[in-house]
Amino acid sequence: MDLTLNDSEAAFRDEVRTWLEANHPGEEPAGDIEAFKFRRAWQKQMHEAGWAGISWPKEFGGRGATLIEQAIFAGEMARADAPSPANILGLVMGGPVIMAHGTDEQKERWLEPILSGEEIWCQGFSEPESGSDLASLKTKAVKENGGWRATGQKVWTTFAHESKWCMLVARTDQEAPKHKGLTYFICDMEQEGVEIRPLVQITGEAEFNEVFFEGAYIPDENVVGGEGNGWMVAITTLMNERAGLGGGAAVAISRDLGRLVELIKEHDLQDDPVVRQKVADLSIRAEALRLGGMRALTAQMKTGIPGPEGSIGKWEWAKLNQDLAELACDVLGVEGLEKGGPWTYKMLRSRANSIEGGTTEVMKNIIAERVLGLPRLR
Ligand SMILES: Cc1cc2nc3c(=O)[nH]c(=O)nc-3n(C[C@H](O)[C@H](O)[C@H](O)COP(=O)(O)OP(=O)(O)OC[C@H]3O[C@@H](n4cnc5c(N)ncnc54)[C@H](O)[C@@H]3O)c2cc1C
């Protein structure tokens, strides 16, 4: 692919950069609740200036940005170290799923409040015994007049405690083969019958939750894609999730690598051969991640959909982010074990990178089967 920006792409980059310089909201406050409020205000500000959902088509309130412009935008956000918008699951997954499979009424009802951050969305897929093997999930929904009653347990549900809506996949046909008996619902989280219990992570934050559905009510108009088609809609959600994880990753890594080099110099370790070798290794992998991202983008421009090679980037990024934070903590020594420091936080948070959005082992299976064409596992 041609790596130079054309005039309009360069103008777009300059516009994003100038806006971010003038409007960057500063550092996120400490504490889960305060940080979320801050990101919500940030999303509102982005929305008002037309920067929320830039990949969304104009007819749905987005900016209709090209893939290149999306990559430029993600890169500029990472470069400026700008916070994420609050409703990240709604923007990256909920909205695109409604646009792809929703009815006109559903688009009319849900898209605008996702963009503005007025209604937060969460993803109710994983269960205590169904993560990688999602289709084995047991939460069920039973038909009743004009709607459904859902019963079961979800887990690791990010931002459930802040959410108005949940993308809930539930079993609606116990007899059908496991991929065929599922239906995709948008469930109101603010009702009796939904109980949310926070789970505290290794970082000390409670970003995600256990969610218990005890006969939660879902009207018929909140079924997305039709009864029994939940697996197809879930796959659209996951493809958007992985594509969303990739955006800006290489720029964020190169920014953090720059900070790591500064840290190494502050600790006078720039001549240490082991440290030098590790930095060289990280730098080479960061460049490979950047170029691999470009290649995936080129393929997506031709086919229109994110391809399985996105799994290579997800795997590489997770490992690189973990190794980078670990080296920073090694450089810090005892200080790296102190709770609250930015590198310590990053080291602890990055442990989840090889699990969230599909584990590294699952990414390797996808690469083996769908990129390399090796025999299928089963
Ligand atoms: C920070 C974070 C946020 C999350 N947010 C959400 C959310 O908002 N909503 C949601 O629904 N889920 C969420 N998840 C859950 C995440 O999607 C699952 O943790 C993930 O899919 C793995 O499922 P599991 O935890 O059940 O592990 P399992 O699937 O039980 O896997 C256990 C181990 O076995 C390995 N394994 C499993 N199957 C295979 C296989 N076929 N071949 C080789 N190895 C295999 C895995 O790689 C892993 O090492 C989140 C997770 C994290 C860490």
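Rule-based calculations on the coordinates, nothing more; no lab input. The model shown is predicted, which means the values in this text are computed figures rather than measured ones. With ideal geometry, Cβ positions are generated from the backbone for all residues, glycine too; neighbour counts draw on all protein chains shown.
Before moving on, here are some points about what is shown:
- Of the residues 273, 250, 303, the one whose Cα sits farthest towards the positive end of the charge dipole of the range 248-371 is 303 (charges of +1 on Lys and Arg Cβ, -1 on Asp and Glu Cβ, taken about the Cα centre).
- Extended-chain gain in nm, criterion 0.36 nm per residue less alpha-carbon gap, residue 143 and residue 268: 38.3 nm
- On the beta carbon distance between residue 15 and residue 59, with R0 = 25 Å, the FRET formula returns roughly 0.70.
- Remark: spin-label model distance residue 200-residue 84 equals 2.2 nm, labels positioned 7 Å along the Cα→Cβ axis.
- Protection proxy ranking, highest mean first, for peptides 108-115, 85-92: 85-92, 108-115, where packing is the per-residue count of other beta-carbon atoms within 10 Å, averaged.
- With the simple model of a label 7 Å out from the Cα in the direction of the Cβ, residue 151 to residue 104 spans 3.9 nm.
- FRET efficiency estimate (nearest 0.05) - Cβ-Cβ, residue 232 to residue 67, R0 22 angstrom: 0.40
- Protection proxy ranking of 178-187, 139-148, 160-169, 261-270 - average other beta-carbon atoms within 10 Å, highest first: 160-169, 178-187, 139-148, 261-270
- Cα centroid separation - the range 196-224 against the range 124-146, whole Å: 12
- Cα-centre dipole for the chain with unit charges at Cβ (Lys and Arg positive, Asp and Glu negative), debye to 20: 1060
- Centroid-to-centroid separation of the range 5-28 and the range 286-318 [C-alpha atoms, Å]: 23
- Cβ-placed point charges (K, R +1; D, E -1), dipole of the range 248-371 about Cα centre in debye, nearest 20: 600
- Where labels lie 7 Å past Cα in the beta-carbon direction, separation of residue 220 and residue 330 in nm: 6.2
- Violating pairs (Cα-Cα greater than 24 angstrom) within the set 143/164; 44/154; 44/302; 138/180; 154/178: 44/154; 44/302
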